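The block underneath contains the structure these notes are about, expressed in structure tokens.
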Amino acid sequence: GCTLDGRLYPFGQIERTENCFRCSCSPQSMSCCSLFHTPTGYDKENCKVVFNKKSCDYDVVNKYNPLVDCFVYSRV
């Protein structure tokens, strides 16, 4: 298998790792890509970005009241 972040994964396709990556594991190599997109366009003065491991995505919330979501108009 392949080791990523201290965890052993079997050869083949890994749909979702513990840290939100999709990987391909072979005896020669392991390649991964992220399952999330980073917010770039949002109100940076009043909002903050928090990674949500359960959904494998970033939540953008109000700095002063994290129960309020902020509008995101672009991600990369």
Whole-Hz Karplus couplings 3J(HN,Hα) for region 35-41, θ = phi - 60° and coefficients 6.51, -1.76, 1.60, Gly and Pro as x, run 9, 10, 10, 8, x, 10, x
Low-density loop cleavage sites - trypsin sites (Lys or Arg not before Pro) in region 5-76, where at most 12 other Cβ are within 10 Å (DSSP): Arg16, Lys53, Lys54
With a 1.4 Å probe and every protein chain kept in, tell me what percent of the accessible surface of the chain is carbon plus sulfur. 52 percent
As a test of reading the structure, rank Phe71, Phe11, Phe21 by solvent-accessible area (1.4 Å probe, protein chains only), most first. Phe71, Phe11, Phe21
Ignoring ligands, DNA and RNA, what accessible area per residue does the chain give at 1.4 Å, in Å²? 70 Å²
Pair Lys53, His37: separation of 7 Å Cα→Cβ label points (nm): 2.5 nm
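The values are calculated or read from the model by the stated rules, or taken from the named source; none is laboratory data. Being a predicted model, the structure only gives us computed values, none of them experimental. No Cβ is skipped: glycine too gets one built from the backbone with ideal geometry, and neighbour counts run over all protein chains shown. Quick note on the areas: whole protein, heavy atoms, side chains included, nothing else; ligands and nucleic acids left out. Shrake-Rupley method; radii C 1.70, N 1.55, O 1.52, S 1.80 Å.
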